[in-house]
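Take a look at the structure set out below.
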Amino acid sequence: MKHEVELRLQAWVDGQLPVHEADEVARLIETDAEARALLTELKHTRAALAGHEDSITLPESREFYWSKIARAIEREQPKAQAVETSWLQHFRRLFIPAGALAALLLIGMLAGRQTASSNVPYELSDLVADSDTFTFTDEANGTTLIWFSYPVENELAQPDDSDIL
Amino acid sequence: MRLGALGVLLTLLLALMPVTAAPGDVPSTPTAASPGGKMKLSAELIWGTNDESPDSKLKPIDPKVAKKLENLPIKWKHYYSVTVKELTVGEGKTTKVQMSSECELVVKNVDGTNVEVQLIGKGKPAGKVTKGLGKGKCLVAGGDATNSTAWFVFIKQVE
């Protein structure tokens with residue numbers, strides 16, 4: 001016997017089949033001996049279990065009892081969502097200002113560097129040379145040359161007929 | 001949100017980057033400091049040209065200075081002294097020296113051994129350099145002038 005037929009027989013015993021399916025199962029029972037044998041076994045089992053089943057009496061109707069469970073579930077779901085939203089908002093509250101502050105600091109640092117370097121065309125130390133500036137050190141004579149790409153039209157020492165010194 | 005994340009990331013990267021010397025940093029090379037941290041310096045404005053000087057008032061530079069310039073990768077035939085100024089700068093102090101009608105020097109004694117020299121041409125900053133000027137050391141700052149000539153400021157510590 002197919003398992004599906006067995007399940008239908010079980011449902012028939014429990015009275016859970018629609019009318020037209022119940023009629024089919026009834027016909028099957030009349031014509032099939034194996035189905036009848038299984039039906040007898042199922043009825044015996046049902047009768048045995050029914051004698052030992054605890055009877056639980058609800059103080060309210062079935063509908064009200066389940067509606068209470070449904071309301072409890074609905075109450076729990078918004079709480080979980082609220083906790084998640086709160087955490088996310090908390091994270092954003094901290095992260096966005098921190099990120100903005102970091103961006104401002106970065107801009108300030110870059111602007112500071114640009115401002116410092118724009119005060120004078122060239123600013124050098126022993127360690128750093130501007131890309132437009134040539135440096136040379138003669139260690140033997142202790143002489144360091146810094147060659148500025150200073151605009152020719154602004155010459156510093158160009159002698160002039162009227163005022164040299 | 002993404003901008004914030006980028007800002008945080010870049011700031012962290014910058015914070016984790018090793019500290020490098022920036023323009024204007026004071027060199028840490030130790031040199032002999034003068035008593036009291038004062039520095040007596042000599043600054044000479046020099047004009048370099050391949051032609052003879054059209055002005056007889058201009059004198060050739062001291063041979064010792066000329067020899068130092070000859071060892072540098074600059075090849076002008078003649079170097080004329082325009083101005084020589086001596087200045088004494090206390091530690092942490094700054095002195096301004098007029099080298100010509102258009103050239104000014106602003107010299108700062110950083111720590112008794114390092115000087116910060118700012119060159120000003122026609123009232124505008126031309127460049128700034130920080131250099132240790134110990135015994136026997138000198139600084140030559142230069143640049144192009146008109147007609148394939150050049151200007152130099154030769155700075156050394158006077159004993």
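Values quoted throughout were computed directly from the atomic coordinates according to the rules given, and no laboratory measurement underlies them. Since the structure is predicted, the reported quantities are computational estimates derived from the model, not experimental observations. Backbone-built Cβ (ideal geometry, glycine too); neighbour counts: all protein chains shown.
What are the residues in segment B:74-96 that are under 22 Å from B:THR130 (Cβ atoms) and surrounded by fewer than 20 Cβ atoms within 10 Å (Cβ to Cβ), if any?
B:ILE74, B:LYS85, B:GLU86, B:LEU87, B:THR88, B:GLY90, B:GLU91, B:GLY92, B:LYS93, B:THR94, B:THR95, B:LYS96
Give me a count of the residues in segment B:114-148 that are among the β-branched types (Val, Ile, Thr), facing chain A (nearest Cβ under 7 Å) and more than 15 Å from A:ASP138 (Cβ to Cβ).
Of the residues in that region, 3 qualify.
Would you mind listing the strands (runs of 3 or more DSSP E) fully within segment B:80-123 where at least 2 residues are without any contact (Cβ under 8 Å) to a residue 60 or more places away in the chain and over 14 Å from B:ILE155 (Cβ atoms)?
Details: elements: B:94-98, B:103-109, B:114-121.
The strands (runs of 3 or more DSSP E) meeting that bar are B:94-98, B:114-121.
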